[in-house]
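Some notes on the structure that comes next.
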């Protein structure tokens, strides 16, 4: 079906729904209350937009904390990969940051909750946005609760809700358990098991280190791991962000940061290298009933295949707006590449170069300012 046919169908659906549902009118709807969404809400309110009338924030969680509340228990303030203050309120004002054993999935939700209260942000939860359509120059935000009619959208849904697990041949035959990073809680769940850990990112390496202490592990990656003997610096971070920025401005799908930065050899990684935990095997060809098989016919029995293969951007609710191009990307523009190039009424924070904690703050500010300017608010 071509785009014109899709638009015709959308108009039919919009006409029918507009005669059934009541849509509450606001200027801007922010979708998601993670770091980028809270940052955008802060700057919208600071700029004078009235809470609940000028803008609302819709969040599908039952409580504050965004994706942080779902992180594994062993992720503490000591080993978390960076925590950045939300605008206007320091993390250290709400949490004892000297307690390095404090779980991130406890500390960050507490911080976010106090932040929302301190600035009285208009967050409605739990509300799931099912899809966003367009009618008469405005966006119809269809949810499982109150429906909204908005002039502009700031999408801050992140990636946590869309884990990616590639389906290799025979995956349905495997009688063991398949898990994803998002399912992980503690290494004890893997105790005594034979575990194939798939993925070359920092999360895969960290969880491999934990699980290897209680289980028999085999590490598998598509490409040889890119270990680099350097200390990650802000300059290298900016270089990585700049490369991702260029890709999304060209309409290409964003790459992972580790594809640019590699894996810096930290003391924890050096310990794993010394123990032989990081002896990597190439990606297997297919599943068997009891495990996996490589191209050369070698097999390995496994109880669990643990996918650390990342997440995809949670943009399914925006499909009716037809933002994605044939390359599988969305062409972005604006100061920090949060603005959809083909429709400046839509901003995507946490997409591409802003998919980091520090990037999310800056993206929220840029999206709020640029969108308000474009809408004349």
Notebook entry, point to check: So how many Å³ per residue does the convex hull of the Cα atoms of the stretch 306-377 work out to?
Noted result: 108 Å³
Item checked: In Å, descending, principal axis extents of the Cα set of the stretch 85-172 -> 51, 48, 20
Note to self: Please compute the length gained on full extension between residue 268 and residue 341, using 0.36 nm multiplied by the number of residues separating them and subtracting their Cα-Cα distance.
What the structure shows: 22.1 nm
Note to self: Order 207-213, 245-251 from most to least packed using the mean count of other Cβ atoms within 10 Å.
What the structure shows: 207-213, 245-251
Item checked: Distance in nm between pseudo-label sites at residue 22 and residue 295 (7 Å out along the Cβ direction from Cα) -> 6.3 nm
Next item on the list: Return the label of the correct value of P(r) over Cα pairs in 20 Å bins from 0, in percent, as calculated from the structure shown, out of (i) 26, 54, 19, 0; (ii) 30, 59, 11, 0; (iii) 28, 55, 16, 1.
Entry: (i)
Margin query: Show me the ranking of peptides 315-325, 332-342 by mean Cβ neighbours inside 10 Å, starting with the highest.
Written below: 332-342, 315-325
Note to self: Please report the spacing between the Cα centers of the stretch 304-330 and the stretch 54-124 in Å, no decimals.
What the structure shows: 25 Å
Note to self: Could you tell me the relative contact order of the chain? Use alpha-carbon pairs under 8 Å, at least six residues apart, and round to a whole percent.
What the structure shows: 22 percent
Next item on the list: Once you have a ≥ b ≥ c as the square roots of the Cα gyration tensor eigenvalues for the stretch 111-216, tell me rounded if a/c is under 1.5, and otherwise prolate or oblate according to whether a/b is larger than b/c.
Entry: prolate
Next item on the list: Kindly rank 199-205, 344-350, 265-271, 118-124 from highest to lowest mean number of other beta carbons found within 10 Å of each residue.
Entry: 344-350, 199-205, 118-124, 265-271
Notebook entry, point to check: What number, rounded to the nearest 500 deg cm²/dmol, is the helix-based mean residue ellipticity at 222 nm of the chain, given -39500 (n - 2.57) per DSSP H run of at least four residues and division by all its residues?
Noted result: -8500 deg cm²/dmol
Checklist line | Whole-number D in µm²/s for the stretch 31-79 (Stokes-Einstein; Kirkwood sum over Cα pairs; 4 °C, 1.567 mPa s) | finding: 105 µm²/s
Check: Extension gain residue 131-residue 227, at 0.36 nm per residue separation less the Cα-Cα distance, in nm?
Finding: 30.4 nm
Checklist line | Principal-axis tilt of helix 35-46 within the chain, Cα atoms, nearest 10 degrees | finding: 20 degrees
Notebook entry, point to check: Any idea what the relative contact order of the stretch 84-202 is, in percent, if you count C-alpha pairs under 8 Å spaced at least 6 apart?
Noted result: 10 percent
Note to self: Helix 234-249 against the longest principal axis of the chain: what's the angle in degrees, Cα atoms only, rounded to the nearest 10?
What the structure shows: 60 degrees
Next item on the list: Return the percentage of antiparallel bridges among DSSP beta bridges fully within the chain, rounded to the nearest 5 %.
Entry: 35 percent
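Where a number appears in this text, it was derived from the coordinates with a stated rule and is not lab data. Note that this is a predicted model, so its numbers are computed, not measured. Methodologically, a virtual Cβ is constructed for each residue, glycine included, from the backbone with ideal geometry; neighbour enumeration extends over all protein chains shown.
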